[in-house]
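The block underneath contains the structure these notes are about, expressed in structure tokens.
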Amino acid sequence: MDVHLSSQQQTVLLARHLADMVRQGDCLALQGEMGAGKSTFARALIRHMAGDEALEVPSPTFALVQPYETKAGTVFHYDLWRLSGPDELYELSWDDACESIMLVEWPDHAEDMLPAGALHLTFAQGTSEEARLVTLHGWPEERLKALSSFSEGRRG
């Protein structure tokens, strides 16, 4: 499924919509080049889940993982860009995170350790400077249908 976003605000709205859908055991795998909108999406999702739009959500680039307590449970935000290999995941509460909610930037660095059934979101540059194309796959069709309503509701 492709979702066309014309602005950073629409990226935030998509994140909020997904925040209302995720549940314990879900993994959102965020892919895309640097500057594609992964961190904007992750911050908006975490803030919405925490019920605190002013919550400081730094990029976990150097810490590699940052946990957040939210109304839906613990959210583990990973940035695996600097990871040397998937063996290092064991030192980053990966097993505990797989039972919680995970946001994983640069998921290809986890190789086959990424949980089965992850929702993959690939962010790409759109037709304007702020526009993005987000391709989503990995969830069963019935879960993706709720995202169709988000996409259709913004047309026109």
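The values are calculated or read from the model by the stated rules, or taken from the named source; none is laboratory data. Predicted model only: the values in this text are computed from it and were never measured. Here Cβ is always computed from backbone atoms with ideal geometry, including for glycine, and neighbour counts include all displayed protein chains. Each accessible area value is taken on the protein alone, full model and side chains, heavy atoms only, with ligands, DNA and RNA left out. Shrake-Rupley method; radii C 1.70, N 1.55, O 1.52, S 1.80 Å.
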Which of the residues spanning the range 120-146 are over 23 Å from Gly35 (Cα atoms) and either of a type in the set (A, V, I, L, M) or part of a helix (DSSP H, G or I) (or both)?
-> Glu141, Glu142, Arg143, Leu144, Lys145, Ala146
All-but-one check, Leu28 against (1) at positive phi; (2) modelled with pLDDT of 95 or more, failing number (1)
Within the range 128-152, restricting to residues that are among the polar types (S, T, N, Q) and at pLDDT 80 or above, the one that is surrounded by the most Cβ atoms within 10 Å (Cβ to Cβ) is Thr135
Unique match (being at negative phi and either in contact with a Pro (Cβ under 6 Å, 6 or more places away or on another chain) or of a type in the set (Ser, Thr, Tyr) (or both)) among Ser100, Ser93 = Ser100
Take Leu64 and decide whether it is surrounded by 12 or more Cβ atoms within 10 Å (Cβ to Cβ) and touching a residue at least 24 places away in the same chain (Cβ under 8 Å).
-> yes
Among (1) open to solvent by less than 30 Å² (accessible area, probe 1.4 Å); (2) closer than 23 Å to Pro140 by Cα; (3) of a type in the set (Gly, Ala, Ser); (4) touching a Ser or Thr at 6+ places or on another chain (Cβ under 8 Å), where does Gly25 come up short?
-> (1)
